[in-house]
1. Length gain on complete extension for the stretch V31 to W61, per 0.36 nm per residue less the alpha carbon to alpha carbon distance?
2. Taking the simple approach of a point 7 Å from Cα along Cα-to-Cβ for both V20 and L43, what is their distance in nm?
Amino acid sequence: MAGDVQKRGGGGLRAVDGVVLVVVGVVGVLVAFWILSAVAGVLWGLVKIVILVAVVVGVLWLLVGRRKS
């Protein structure tokens, strides 16, 4: 019969494969969170620098404006 499905022996997911799959998933999630936190930290650092520069420029602008008047 050509339409019969033959079952292969030893196929499927073994217990070790399941454990490896879970470990790789957990490590992948941890690495993803680590990378995202690093990116967020860099962006937050840039925002703080921009705010600091804006405050310094604002103070200098006010001081120069008072000198001229």
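1. Computed gain between V31 and W61 is 6.3 nm.
2. So the label points at V20 and L43 sit 3.6 nm apart.
Bear in mind these aren't lab numbers, they're just calculated from the coordinates by the rules spelled out. As the structure is a computational prediction, the values presented were derived from the model and not from experiment. Neighbour counts run over all protein chains shown; Cβ positions are idealised from the backbone, glycine included.
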